[in-house]
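The values are calculated or read from the model by the stated rules, or taken from the named source; none is laboratory data. Computed from a prediction, not measured in an experiment: that's the story for all the values here. Cβ: placed from backbone, ideal geometry, glycine included. Neighbour counts: every protein chain shown. Just the protein is used for accessible areas: all its heavy atoms, side chains included, with ligands, DNA and RNA removed. Shrake-Rupley method; radii C 1.70, N 1.55, O 1.52, S 1.80 Å.
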Amino acid sequence: TLKNMDIQKVITIMNKDIEEYLEYLRYQKNYSDYTVNSYSGDIYEYFEYLKIEGLSYKNVEYSDLRFYLMYLKDDKHDDNSSVSRKLSSLRGLYKYMANEGIVKTNVFSLVNAPKKSKKLPRYFEYNELEELFRVPDTNTSLGQRDLLLLEMLYATGVRVGELVNIKVKDIDLGRRNIIILGKGNKERIVTYGEYCEDILKQYLSDGYILLNKTGSDYLFLNNNGGDLTERGVRYILDEL
């Protein structure tokens, strides 16, 4: 614990140590100004906390850091990602100070970062799906292909890499199923429903014939008649 008469002296030394570390990051580690400024903000926030608590940055213990983490979570309301970043900034500072003999050990090496919060995936509401499926113009060959692409992904749950490898001969139109070649060259059968069936029949009897200029065996073709790639599918989805 610091005495009031020593606080100003410690602040002066503390600021000098921080500035030397930031200079080290900037000129020795070649960190960008943005990164250095981020480190600086995290470090000064920590030292401000120490000043309020009357703690010496040279003598902090693991138990002190536990209270600091509680302060970040309960008082600052930082999420796990922000806490992890601040711990990383301070871990780097104390590693530097330990190497320079300013502190005895890097006490922050004892502190584990909190697990990052898992975010739920962004998903389409049903009305958004309906709107998406109305985008392709089925009066064109590419529009028929694009709607079939959407319907088949939605109906079967196949991966994009599996989708582009579907050949027309893999489809059983009577049973409404498709043989899929998956990972490890393992085959499985997926089924599709009436909506997918309708656009599939339209595409095979119309758009597919117009697109298939090279006699390809594959179901999904690009506008030049070549086989559609995974990148091509993602481009189409982004455009839709």
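Tell me, which residue of the range 200-222 that is of a type in the set (Gly, Ala, Ser) and surrounded by 12 or more Cβ atoms within 10 Å (Cβ to Cβ) is farthest from Ile180 (Cα to Cα)? Among those residues, the one meeting the criterion is Gly207. Of all the residues in the range 107-125, those that are within 23 Å of Ser40 (Cβ to Cβ) and open to solvent by 30 Å² or more (accessible area, probe 1.4 Å) number 3. Within the range 52-71, residues that are touching a residue at least 24 places away in the same chain (Cβ under 8 Å) and at positive phi have Cβ atoms under 6 Å from residues that are open to solvent by less than 100 Å² (accessible area, probe 1.4 Å) and not in a helix (DSSP H, G or I) in these pairs: Gly54/Leu2, counting only partners at least 6 apart in sequence or on another chain. Scan the range 80-92 and give yes if some residue there is without any contact (Cβ under 8 Å) to a residue 60 or more places away in the chain, surrounded by 11 or more Cβ atoms within 10 Å (Cβ to Cβ) and part of a loop (DSSP other than H, G, I, E, B), otherwise no. No. The set of residues in the range 198-227 that are closer than 19 Å to Glu162 by Cβ and among the acidic types (Asp, Glu) comprises Asp217, Asp227.
Taking Gly225, is it assigned to a loop (DSSP other than H, G, I, E, B), of a type in the set (Gly, Ala, Ser) and surrounded by 13 or more Cβ atoms within 10 Å (Cβ to Cβ)? Yes: the conditions hold for Gly225. Residues of the range 96-136 that are part of a helix (DSSP H, G or I) and under 23 Å from Arg26 (Cα atoms): Tyr96, Met97, Ala98, Asn99, Phe108, Ser109.
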